[in-house]
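The values are calculated or read from the model by the stated rules, or taken from the named source; none is laboratory data. Nothing here was measured: the structure is a model prediction, and the numbers come from that model. Cβ placement follows ideal geometry from the backbone for every residue including glycine, while neighbour counts extend to all protein chains displayed. Please note that ligands, DNA and RNA were not included when accessible areas were found on the heavy atoms of the full protein model with its side chains. Shrake-Rupley method; radii C 1.70, N 1.55, O 1.52, S 1.80 Å.
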Amino acid sequence: MSDTERTISDVGLRASSAEVIPPNSIIMTSRATIGECAINTVPMTTNQGFKNLVPTKADPEFLYYLMTMQKERLKQLCGGSTFLEIGKKQLQRFEVVCPVEVDEQTAIATVLSDMDAEITTLEQRRKKTRDIKQAMMQELLTGKTRLL
């Protein structure tokens, strides 16, 4: 995540309790939709609907993938009657298992990232193929193009 629709001014930042999150942190939704994650590439702030994880001894991309796999476990920790919410205390007690070596974390994240890139490429190709099919159906079914 490198850009957002809404931003905060320096004056607004000073007048609020918002904190600047350093780049390569994990920004995770903590209300209603629990556990949706992104990695910020620039310093930013979030509102109270997020919990932010600042990796100090972990590969950020590995942590991103790890946390996206934890949605159901995170939901089990949630409270709230109107909508689900995970609090700071619940998140502080939340434990995950991961490789100690950052190099191994990075290798795992690289494999997963490469797979995501391949999936995106295949999805784009599929969409393009569907668009071509739709155009061909239009041509053939309206009689604009004849096969015989």
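Some points to look at:
- With Cα atoms, 0 to 90° folded angle of helix 102-141 axis to the chain main axis: 30
- Under the criterion of Cα pairs below 8 Å and six or more residues apart, the relative contact order for the range 1-123 equals 22 percent.
- Listed residues 63, 112, 122, most fluctuating in the chain (Gaussian network, C-alpha, under 10 Å): 122
- All distinct Cα pairs of the chain go into the 1/r average, and the inverse of that average, the Kirkwood radius, is 18.6 Å.
- Restricting the range 93-126 to GluC sites (Glu not before Pro) that sit in a DSSP loop and have at most 12 other Cβ atoms within 10 Å of their own Cβ leaves 95, 101.
- Using the Cβ of residue 94 as centre and a radius below 15 Å, the other residues enclosed give a net charge of +4, where K and R count +1 and D and E count -1.
- Per-residue Karplus couplings for the range 37-45, computed as 6.51 cos²θ - 1.76 cosθ + 1.60 with θ equal to phi - 60°, are listed in order as 10, 8, 10, 7, 9, 9, x, 7, 10 Hz, Gly and Pro entered as x.
- Note on the chain: Lys pairs 8 or more places apart or on different chains, Cα atoms under 29 Å apart, count 16.
- Rounded to the nearest 500, the helix-only mean residue ellipticity at 222 nm of the chain stands at -14000 deg cm²/dmol, with each DSSP H run of n ≥ 4 adding -39,500 (n - 2.57).
- Area accessible to solvent at residue 17, 1.4 Å probe radius, in Å²: 110
- Dipole moment magnitude, nearest 20 debye, the chain about Cα centre, only Lys, Arg, Asp, Glu C-beta charged: 780
- Estimated at 0.36 nm per residue, the fully extended path between residue 56 and residue 72 surpasses their Cα-Cα distance by 3.3 nm.
- With both labels modelled 7 Å from their Cα along Cα-to-Cβ, the residue 41 to residue 101 distance reads 3.0 nm.
- With a Förster radius of 41 Å applied to the C-beta separation of residue 3 and residue 141, the computed FRET efficiency comes to 0.45.
- Portion, in percent, of the accessible area of the range 5-106 that falls on carbon or sulfur, probe 1.4 Å: 51
- Computed lengthening from residue 15 to residue 110, 0.36 nm per intervening residue step minus Cα-Cα distance: 30.2 nm
- Environment charge of residue 24, counting only residues whose C-beta is closer than 12 Å and scoring Lys/Arg +1, Asp/Glu -1: -2
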